[in-house]
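Got a structure here, written out as structure tokens. Questions coming.
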Amino acid sequence: MRYLIQTWGCQMNTHDSEKLAGILEALGHRSADDIRSADLLLLNTCSIREKAEEKVFSHLGSLRPLKDLRPDLIIGLCGCVAQQKGEEVFRRSKLVDFVLGPRAIASLPSILEEVRSRRSRPMDREKRDDSIRYDALRAQRGPGPRAFITVMEGCNKTCTYCIVPTTRGREVSKPAEIVLREAVALSRAGYREVELLGQNVNAYRDGAIHLDGLLRRLQEVDGIRRLRFTTSHPTHLSEEIILAMRECPSVCNALHLPAQSGSDSVLERMRRGYTRRRYLDRIERLRRAVPDIGLSTDIIVGYPGETRSEFDDTLLLLRQVEFDQVYSFVYSPRPGTDAVLEGDAVKREEKECRLHELQSLQQEIQRRRNQALVGSMVEVLVDGFSRMGGSILKGRTTSNRVVNFPGTASRMGQFGSVQVKAAGPNSLEGRWIEAPRS
Ligand code: SF4
């Protein structure tokens, strides 16, 4: 069959799609050029927010004419909406032929057989360790220089607003020796940057090996010049991880550390497990160890019952920390989470206003921080063409800033220096300086 995989959501989903493609390629199927030439369409979905989930069902609706034209087209729903909704998917959409949860990907071959025999509309949502055990060397990865390795899956925390423990299950870590083997293979395949993925990645544990130990081992892999990891939880940002970030040259000076709120009372209602003071202490400790750290975070605005003064505490946190990037969203009620049971008198319009206020403040902070880099030299890894179009390339600094600069495709995958000429809130612009070093 010719297959096409459409992916929504986080890097974990992107990498899961690479694994699903690997399973299909091993069965002899080949990727289709476009949706019209596909015999099999996999939708790898995200349910982190209501909007994300609704997007999937409206997309399914738009596939009706194609399915009417090609009734033999097989449509499979995978990922977090599949896990969360299960049977309901079949009730809501007659177009879906099977449902496959993110931790059950190994059953794709048998499920396809069942669908093709037209015996039934199968579903597998068992929370097994398929994804973590899948030999990711067979994943169909995009062209280099950056690659993902899922080192852990699931989350044992119970944040009141979050659906991840429901859709992704309990934490399981991939054995360190397998992670190392994958990194060596990726280096041989020409990848120069590896990002370790996990919903709670800094809780990684393989016996006595924690994330810091894993980073120090990966540091020794020849050819892997950059190591990143995401997503971390403040309570697991240990002294050992901070020291590994300072002492291991390959570990990038960038960290994504979701705060979610700057208010102690909201953090308590969210069951985040830390206070604002504790969060600030971790940031200060990190900045003492890695002064030029690039920091990003997630913020939920309008958590049920959030008062104006609680929101002001979040604005104050942004002013105190001065993050380089903030991913901010209005609270989205998720089915089966405790937060939906909490009363919420704050109107949607008020929440949207707060989000706008927060994003305007953060844009100013980012503009000022990026402006301070004008005139400086930054090392980038060229990883694609810029959205600016034309012959403008883009690359990333170790602190995870996007840099746009004129250049030709021959520079793809190269490291080099760029002199920063201008800066906006979300990216830098510059001129390529140094000769490439492969
Ligand atoms: S730590 Fe992250 S993934 Fe886990 S429950 Fe909390 S928000 Fe969700």
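The values are calculated or read from the model by the stated rules, or taken from the named source; none is laboratory data. All values reported here derive from a predicted model rather than from experimental measurement. We place every Cβ from the backbone using ideal geometry, glycine too, and count neighbours over all the protein chains shown. Heavy atoms of the whole protein, side chains included, go into the accessibility calculation; ligands, DNA and RNA do not. Shrake-Rupley method; radii C 1.70, N 1.55, O 1.52, S 1.80 Å.
Taking one equal scatterer on every alpha-carbon of segment 144-252, how large is log10 of I(q)/I(0) by Debye at q = 0.11, 0.24 1/Å?
Treating every Cα as an identical point scatterer, log10 I(q)/I(0) equals -0.33, -1.33.
For D281 and E342 in the same chain, what is the full-extension length gain: residue separation times 0.36 nm, less their Cα-Cα distance, in nm? Numbers along the way, then the final one.
Details: separation 61, 0.36 × 61 = 21.96 nm, distance 2.97 nm.
The D281-E342 span can extend by a further 19.0 nm.
Moving on to the next point. Could you let me know the centre-to-centre spacing of segment 154-225 and segment 271-303, using Cα atoms, in angstrom?
Here the two parts' Cα centres lie 21 Å apart.
Using just the helices of the chain, give the 222 nm mean residue ellipticity in deg cm²/dmol: DSSP H runs with n ≥ 4 each add -39,500 (n - 2.57), and the total is spread over all residues, rounded to 500.
Details: 15 runs with 155 residues, N = 438.
The helix contribution divided over the chain gives -10500 deg cm²/dmol.
Oh, and also: Using the crude model of +1 on Lys and Arg Cβ and -1 on Asp and Glu Cβ, and no other charge, please compute the dipole size for the chain relative to its Cα centre, in debye to 20. It would help to have the intermediate numbers written out before the result.
On the way: 68 positive and 58 negative charges, 121 e Å.
That gives a dipole near 580 debye.
Here's another thing I want to ask about it. May I ask for log10 I(q)/I(0) of segment 264-371 at q = 0.13, 0.18, 0.19 Å⁻¹, from a Debye sum over the Cα atoms as equal point scatterers with solvent left out?
Treating every Cα as an identical point scatterer, log10 I(q)/I(0) equals -0.52, -0.95, -1.04.
Go ahead and collect, in residue order, the members of segment 151-171 whose backbone nitrogen is under 12 Å from a label point 7 Å along the Cα-Cβ direction of F329.
Zone members listed by number: 161-164.
Note down the nm distance, to one decimal, between modelled labels 7 Å out along Cα→Cβ at E239 and at E88.
Modelled inter-label distance: 4.6 nm.
On the full set of protein chains, 1.4 Å probe, figure out the accessible area of I5 and give it in Å² to the nearest 10.
Spelled out: I5, probe radius 1.4 Å, area about 40 Å².
Here's a follow-up. Could you work out how far the C-alpha centroid of segment 242-259 sits from that of segment 1-51, in angstrom?
Using only Cα atoms, the two centres lie 31 Å from each other.
What percent of all Cα-Cα pairs in segment 23-141 falls into each 5 Å bin, going from 0 up to the bin containing the maximum distance?
Result returned by the calculation: 2, 11, 21, 25, 22, 14, 5, 0.
May I ask you to list the lysines whose Cα is less than 26 Å away from that of K85, ignoring any residue fewer than eight positions away on the same chain?
Of all the lysines, those that pass the test against K85 - Cα under 26 Å, at least 8 places apart if same chain - are K19, K51, K55, K67, K94, K127, K157.
Please identify the cysteines of the chain that lack any partner cysteine with a Cβ under 4.7 Å from their own Cβ.
By the Cβ distance rule, which asks for a partner under 4.7 Å, the isolated cysteines are C10, C46, C78, C80, C155, C248, C252, C353.
Go through segment 276-330 and name the GluC sites (Glu not before Pro) that are in a DSSP coil and have 15 or fewer other Cβ atoms within 10 Å of their Cβ.
Values: sites: E284, E306, E310, E322; in loops: E306, E322.
Of the GluC sites (Glu not before Pro), the ones in loops of segment 276-330 whose Cβ has at most 15 other Cβ atoms within 10 Å are E322.
Write out the trypsin sites (Lys or Arg not before Pro) in segment 298-362 meeting two conditions: DSSP loop, and at most 16 other Cβ atoms within 10 Å of their Cβ. Write down the numbers at each step before the final one.
On the way: sites: R308, R319, K347, R348, K351, R354; in loops: K347.
Passing both the DSSP loop test and the Cβ count: K347.
Looking at the calculated P(r) for segment 377-432, what percent of the C-alpha pair distances fall above 12 Å? Mind showing how you got there, number by number?
Working: 862 of 1540 pairs.
In whole percent, the long-distance tail amounts to 56.
On average, how much accessible surface per residue is there in segment 264-371, in Å², for a 1.4 Å probe, leaving out ligands, DNA and RNA?
Here the per-residue accessible area is 47 Å².
Need the full-extension length gain, S360 to T408, defined as separation in residues times 0.36 nm minus the C-alpha distance. One decimal, nm. Each step should come with its number before you reach the end.
On the way: separation 48, 0.36 × 48 = 17.28 nm, distance 3.47 nm.
My answer for the length gained is 13.8 nm.
Same structure again: In segment 101-179, what is the volume of the convex hull around the alpha carbon atoms, normalised per residue and reported in Å³? Spell out each step's value before the answer.
On the way: hull volume 10.5 nm³, N = 79.
Output value, Cα hull per residue: 133 Å³.
Still on this structure, I have one more. For a quick check of understanding: with a 1.4 angstrom probe and all protein chains in place, what accessible area in square angstrom does C10 have, to the nearest ten?
70
A further question on this structure: Would you work out what percent of the accessible area of segment 144-252, with all protein chains in place, is carbon or sulfur (probe 1.4 Å)? Mind dumping the intermediate values first?
Details: 1860 of 3850 Å².
Carbon-and-sulfur percentage of accessible area, whole number: 48.
Related question: To the nearest 10 Å², what's S58's accessible area with a 1.4 Å probe?
80
Moving on. How many nm is it between the label spots at L180 and L69, if each spot is 7 Å from the Cα in line with the beta carbon?
5.2
Considering segment 319-392, what Rg and Dmax in Å follow from its alpha-carbon atoms?
Taking only Cα atoms of segment 319-392, I get Rg and Dmax of 18.5, 52 Å.
On the protein heavy atoms, probe 1.4 angstrom, tell me the percent of accessible surface of segment 264-371 carried by carbon and sulfur. Intermediate values should be presented prior to the final figure.
Details: 2670 of 5100 Å².
About 52 percent, which is the carbon plus sulfur part of the accessible surface.
While we're here: Using heavy-atom solvent-accessible surface (probe 1.4 Å) with all chains present, what is the largest-first order of W432, W8? Each step should come with its number before you reach the end.
On the way: W432 30, W8 55 Å².
Greatest to least solvent exposure: W8, W432.
Rolling a 1.4 angstrom probe over the protein heavy atoms, how many square angstrom per residue are accessible across segment 1-90? Before the final figure, lay out each step's value.
Working: 3590 Å² over 90 residues.
Value returned for segment 1-90: 40 Å² of accessible area per residue.
Moving on to the next point. For q values of 0.09, 0.10, 0.11 Å⁻¹, compute log₁₀ I(q)/I(0) with the Debye formula on a Cα-only model of the chain, without solvent.
-0.62, -0.78, -0.95
In terms of Cα to Cα distance under 26 Å, which lysines are near enough to K421, apart from those fewer than 8 places away along the same chain?
Within the straight-line limit of under 26 Å, K421 reaches these lysines: K394.
Place the peptides 129-138, 14-23 in order of packing, highest mean first, counting for every residue the other Cβ atoms within 10 Å and averaging per peptide.
Working: 129-138: 17.8, 14-23: 21.9.
Top of the packing list down: 14-23, 129-138.
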